[in-house]
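Below you'll find the structure, written out as structure tokens, and then a few comments.
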């Protein structure tokens, strides 16, 4: 089992709108979590909340608009784990390809690594499927 998760989708959006969809808090609330706060600067805070009470906290590591955003967060609050999420955007024939790579699972024991990576792979797949659906871009 790999110590990373990679998922991708193509958004039917031009690169600027796709960038907005993966970096703007209001847009992230449509596909990533119920509430999102993000200070989109290197060193900025990230807070993701779900209606069931779960929260994830992180720090923005890199912002290279409109190609890449990288953040470090704690994806499983009950486990001492910090992973790095790299979201890359590139033009595609049908819009903009969004690739998400999450790394850092190797710090867990082997069984936990496999379980956590599998759950996060499923979660990114589901979230990117939601993002690829109708994305509403606020004016």
Exercise. Only one residue in 70, 41, 101 is at pLDDT 95 or above and part of a strand (DSSP E or B), so which one is that?
Worked result: 70
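Does residue 69 satisfy the criteria of being in contact (Cβ under 8 Å) with a residue 24 or more places away in the chain, crowded, with 16+ Cβ neighbours inside 10 Å and closer than 24 Å to residue 94 by Cα? Steps first, answer last, please.
Values: in contact (Cβ under 8 Å) with a residue 24 or more places away in the chain: yes; crowded, with 16+ Cβ neighbours inside 10 Å: yes; closer than 24 Å to residue 94 by Cα: yes.
Taking the combined requirement at face value, the residue satisfies it.
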Seminar exercise, completed: Residue hits (the range 75-91; over 12 Å from the mean Cα position of the chain (by Cα) and modelled with pLDDT under 95) are 76, 77, 78, 79, 80, 81, 82
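Test residue 84 against the stated conditions and say whether it is touching a strand residue (DSSP E or B) at 6+ places or on another chain (Cβ under 9 Å), closer than 19 Å to residue 104 by Cβ, part of a strand (DSSP E or B) and in contact (Cβ under 8 Å) with a residue 24 or more places away in the chain. Before you say what the answer is, go through the steps one by one.
Values: touching a strand residue (DSSP E or B) at 6+ places or on another chain (Cβ under 9 Å): yes; closer than 19 Å to residue 104 by Cβ: yes; part of a strand (DSSP E or B): yes; in contact (Cβ under 8 Å) with a residue 24 or more places away in the chain: no.
Against the criterion (touching a strand residue (DSSP E or B) at 6+ places or on another chain (Cβ under 9 Å), closer than 19 Å to residue 104 by Cβ, part of a strand (DSSP E or B) and in contact (Cβ under 8 Å) with a residue 24 or more places away in the chain), residue 84 does not qualify.
Look at the range 44-67 and say how many of its residues are assigned to a loop (DSSP other than H, G, I, E, B) and either within 15 Å of the chain's Cα centre (by Cα) or farther than 21 Å from residue 107 by Cβ (or both). Working first, answer last.
Within the range 44-67, the first condition is being assigned to a loop (DSSP other than H, G, I, E, B), and the residues that meet it are 44, 50-54, 65-67.
Adding the requirement that they be either within 15 Å of the chain's Cα centre (by Cα) or farther than 21 Å from residue 107 by Cβ (or both) leaves 44, 50-53, 65-67.
Count: 8.
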Problem set entry | Cβ pairs under 6 Å, 6+ apart, first in the range 45-58 and over 13 Å from residue 25 (Cβ atoms), second surrounded by 15 or more Cβ atoms within 10 Å (Cβ to Cβ) and modelled with pLDDT of 90 or more | 55/49; 56/48; 56/73; 57/47; 58/46; 58/71; 58/72; 58/73
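The values are calculated or read from the model by the stated rules, or taken from the named source; none is laboratory data. None of these values were measured; they are calculated from a predicted model. Note that each Cβ is placed from the backbone with ideal geometry, even for glycine, and that neighbours are counted across all protein chains shown.
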